Protein chains: 2
Amino acid sequence: MSTKTPVTLKFLAQKLNISISTVSKALNDYPTINDDTRKRVKQLAAELHFTPNKSALNLQVQKSYTIGVILPDLMDHYFTRSIFGIEQFAGKHGYNVIIGQSYDELQKEIDLTNMFLKNRVDGLIIAISKNTQNFDHLDKFKNLGLPVIYYGRNPSFNLSCHKVLSNTYQGCYQATELLIKKGHQRIAYLGGPKMISFTHDRFKGYINALNDNQVPFDASLVAYTNFDQQNTHQAIQTLFYDVTHPPTALIAFKEQILFDAIKYLRSNNYPGLDHTDYIGFGNMPFISYLDKPPFASIEENPESIGDQAIKLLLQLIDQKETVFPYQKIMIDCELVIH
Amino acid sequence: MSTKTPVTLKFLAQKLNISISTVSKALNDYPTINDDTRKRVKQLAAELHFTPNKSALNLQVQKSYTIGVILPDLMDHYFTRSIFGIEQFAGKHGYNVIIGQSYDELQKEIDLTNMFLKNRVDGLIIAISKNTQNFDHLDKFKNLGLPVIYYGRNPSFNLSCHKVLSNTYQGCYQATELLIKKGHQRIAYLGGPKMISFTHDRFKGYINALNDNQVPFDASLVAYTNFDQQNTHQAIQTLFYDVTHPPTALIAFKEQILFDAIKYLRSNNYPGLDHTDYIGFGNMPFISYLDKPPFASIEENPESIGDQAIKLLLQLIDQKETVFPYQKIMIDCELVIH
DNA sequence: TGATTGATTTCAAACGTTTGAAATGATGTA
DNA sequence: TACATCATTTCAAACGTTTGAAATCAATCA
């Protein structure tokens, strides 16, 4: 009752009057162990709720069975949804997941990688911060033979790596086409930070859709924001006010931004507010609560992205020695009309 | 280059031609170690980026330096914000945090506790599921001498435990009073699941505020929902339609519910929609995007709750042997007027 | 009978760290 | 010279597990 002896292999061995290794082998179903002993061992182990000590195990096999995940922000539904896919699969395979938030700051990201290195994670899944252009802190993993999966954000400066990404080009292409089919000829594109490569991928989808459908491109219908509210307002000002023919539709990099945009237009009593069609990336559950929800959402299926990322990572961890070509997995987007 | 030897104490010892224990003691600043040796050891360790193997360390000190957190859902901002406080402090003290989501299901919660037990976490912080009335799975921790902190949700059936909670009574009292001061005499209260004890605490705040301000209580102004949308609609139907004098103000258990409520009233063209004042618990960032935001929010400061929970937990972990009276920490709510 | 086989169990080293006890060796003291 | 003192270093066990090699013992075969 007072200080209880922990239930270890040694403890079981003493109780049964056999050696530690027999107990270990019995529990691990070694064929050389007598059926009867095996049964007795397993029975007692179950009775006493024996669970192997993870630290000892990890020390022995030289693995931590822990994987690190770095993402910008858990308040962002995209990333929160992605970890659902990660934890699901990781848990099923005996891996723990440690999540770190970089808040889109490079220094915080570097700190987290060091922390993970100290913790000897077996691998890393990362959505890089919007300021990550130098990959020294991440190359450390590669040098140690630890696999890294880049997911959710495209590290366009880093070519030799595994990636799991939304097919953001396709998503934006289809959204643009949808708006064109609906009759729009003046569609604005509000991109995210220029440091995030998705901003440019989506732009390509946008412009290709325009071209393929013989809609003239107008540079004054394109603007960018760094996610900052102030910055977004400025971009909207440029797109909707500082122009002779304002757009009749808007595609935004993120619904978060889209909401900022609409809010700004509304508070300025923009006359065309209700006749404009809005589409953003995200498909937040929250949308259904808006009086006038956007025309459509671009669903990026972040759960799948997390799922694919962890699957690839565990594969890499298991076959560390063999050569493995760099993968680039793209998950298609879907349009959801509200 | 090919298979690099890991940098261990042994490796450093060999390089320096001294014993492993000297290296260990030098790094840990034992006073018996010669200053010169200490310097040489530390220098080489830094050069070779030595980091002690966590598994070996943990095995030695019989701790995992890992704490488990169980919460219903990361999509819920309250809990997401709470982990901010937890990770912040835990990280600073060398602890890893593993997060598990119960999705408000008891079975999932039980599975998670078993997983954490297997992983030999040093302690647990949990926001119990709305269906948790039996605490056997959590008592296992107590029996093993592992501290458990109940946070965010009040386990009213479990008296002997540490709790860190929102002062939800006070929050609801003040919200009610605010509405009364604004002139409301018919204030409705929409509670959450009856299994969640906050539902009743808030009700007490509500009714005491009514009494203290000489506003008559009317039982037909009280309803409950289990968070399910359908269920909420039904409750709203009861409160606003199945009554001769509908309420002029509504306090909801959660802003999530409040949005469902407003949405329902709007889609039914409820005539008093715009003359009703709404208040909910939460203060979601999202609110600013609503055309007609609620009159006010009750901010519960979940970061503080997480922060207090982890602080208490680490305290308990460090002084495991001494007696420690059960704590009940209450964090006050604040009203935020929009 | 002595050797071989086979089934089963045990030994012992290893993983990387910590730490009290023991060893070393130089210096000072009687 | 012999011995105690002191600073410094090393030894060795321990944490709990895995696993190839060695040991045990009974049964079988020649």
- Looking at A:ILE83, A:LEU290, A:THR238, which one has the Cα that reaches farthest to the positive end of the dipole of chain A (charges on Cβ: Lys, Arg +1; Asp, Glu -1)? A:ILE83
- Can you send over the carbon and sulfur percentage of the accessible area for the protein assembly as shown, probe radius 1.4 Å, protein chains only? 52
- When the helices in chain B are scored as -39500 (n - 2.57) per DSSP H run of 4 or longer and the sum is shared across all residues, what 222 nm value do you end up with, to the nearest 500 deg cm²/dmol? -13000 deg cm²/dmol
- Query: Hey, what do the phi angles of the range A:15-24 turn into as Karplus ³J(HN,Hα) couplings, whole Hz, using 6.51/-1.76/1.60 and θ = phi - 60°, x for Gly and Pro?
  - Reply: 4, 9, 6, 10, 7, 4, 5, 4, 4, 4
- Calculate the spin-label point distance for A:THR244 paired with B:SER24, positioning each point 7 Å from the Cα along the beta-carbon direction, and give it in nanometres. 8.1
- Along Cα→Cβ at 7 Å, what distances in nm separate the A:GLU303 label point from those on the other copies, shortest first? 3.1
- Where does the range A:168-299 land on Rg/Rh, using Cα atoms and the Kirkwood Rh? 0.92
- Taking the inverse of the average 1/r across all pairs of different Cα atoms in the range B:1-136, what Kirkwood radius in Å do you get? 18.0
- Task: Taking the Cα centre of chain B as origin, work out the dipole magnitude from +1 charges on Lys and Arg Cβ and -1 charges on Asp and Glu Cβ, in debye rounded to 20.
- Result: 1420
- Query: What accessible area, summed over both chains, is buried at the A-B interface (1.4 Å probe, Å², nearest 100)?
  - Reply: 4000
- Task: Give the value in nm², to one decimal: projected area of the alpha carbon convex hull of the range B:116-241, averaged over all directions.
- Result: 9.4
- Message: Along the charge dipole of the protein assembly as shown, pointing to its positive end and built from +1/-1 on Cβ of Lys, Arg, Asp and Glu, which listed residue (B:PRO247, B:ALA175, A:LEU71) has its Cα farthest out?
- Response: A:LEU71
- Task: Output the pairs from A:LYS181/A:LYS263; B:LYS54/B:LYS311; A:LYS130/B:LYS328; A:LYS54/B:LYS25; A:LYS63/B:LYS140 with a Cα-Cα distance over 30 Å in this structure; if there are none, say none.
- Result: A:LYS130/B:LYS328
- Just the projected area, averaged over all directions, of the convex hull on the alpha carbon atoms of the protein assembly as shown: how many nm²? 36.8
- Item | Separation between Cα centres of the range A:149-227 and the range A:55-99, rounded to whole Å | 30
- Query: In the protein assembly as shown, with Lys and Arg counted as +1 and Asp and Glu as -1 at Cβ, which of these residues, B:GLN185, A:LEU57, A:LEU106, has the Cα nearest the positive end of the dipole, that is, farthest along it?
  - Reply: A:LEU57
- Message: How big is the dipole moment of the protein assembly as shown about its Cα centre under a simple scheme where the beta carbon of each Lys and Arg is +1, that of each Asp and Glu is -1, and everything else is neutral? Debye, nearest 20, please.
- Response: 2620
- If contacts are Cα pairs under 8 angstrom and at least 6 residues apart, what is the relative contact order of chain B in percent? 17
- Message: Just to be sure I understand the interface: list residues from the range B:102-118 that lose 20 Å² or more of accessible area between the chain on its own and the complete protein assembly, 1.4 Å probe.
- Response: B:TYR103, B:LYS118
- Message: To the nearest 20 Debye, how big is the dipole of the range B:168-299 about its Cα centre, given +1 on the beta carbon of each Lys and Arg and -1 on that of each Asp and Glu?
- Response: 40
- Item | Minimum 30 Å² accessible area buried by the other protein chains, the range A:253-298 residues, probe 1.4 Å, relative to alone | A:PHE259, A:LYS263, A:ARG266, A:PHE286, A:SER288, A:TYR289, A:LEU290, A:ASP291
- Message: Given a 10 angstrom Cα cut-off, can you work out which residue in B:ILE128, B:ILE310, B:ILE99 is the most mobile in a GNM of chain B?
- Response: B:ILE99
- Query: Using 7 Å Cα-to-Cβ label points, what is the A:HIS93/B:ASP218 separation (nm, one decimal)?
  - Reply: 6.0
- Query: Among A:HIS93, A:HIS184, A:HIS200, which one moves the most in a GNM of chain A with springs linking Cα atoms closer than 10 Å?
  - Reply: A:HIS93
- When you take every Cα atom in the range A:9-52, what is the radius of gyration, and what is Dmax, the widest Cα pair distance, in Å? 9.0, 24
- Message: If you count only protein heavy atoms with a 1.4 Å probe, what accessible area per residue comes out for chain A, rounded to a whole Å²?
- Response: 45
- Message: Give me the one-decimal Kirkwood hydrodynamic radius in Å for the range B:254-325, with the sum taken over alpha-carbon pairs.
- Response: 15.1
- Quick calc: nm separation of the 7 Å Cα→Cβ label points for B:ARG266 and B:LEU335 -> 2.5
- Cα Rg, Dmax, chain B, angstrom units: 26.3, 91
- Note on the structure: Cα extents of the range B:186-247 along the principal axes, largest first, in whole Å, come to 34, 30, 11
- Query: Is any residue of the range B:163-181 close enough, with backbone N under 19 Å, to a label point placed 7 angstrom from the Cα of B:GLN319 along the Cα-Cβ axis, and if so, which?
  - Reply: B:163-164
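The values are calculated or read from the model by the stated rules, or taken from the named source; none is laboratory data. These figures come from a predicted structure and were not determined experimentally. Here the Cβ is made from the backbone with ideal geometry for all residues, glycine too, and neighbour counts use every protein chain on show. Remember, those area values only see protein heavy atoms, side chains included, never the ligands or the DNA or RNA. Shrake-Rupley method; radii C 1.70, N 1.55, O 1.52, S 1.80 Å.
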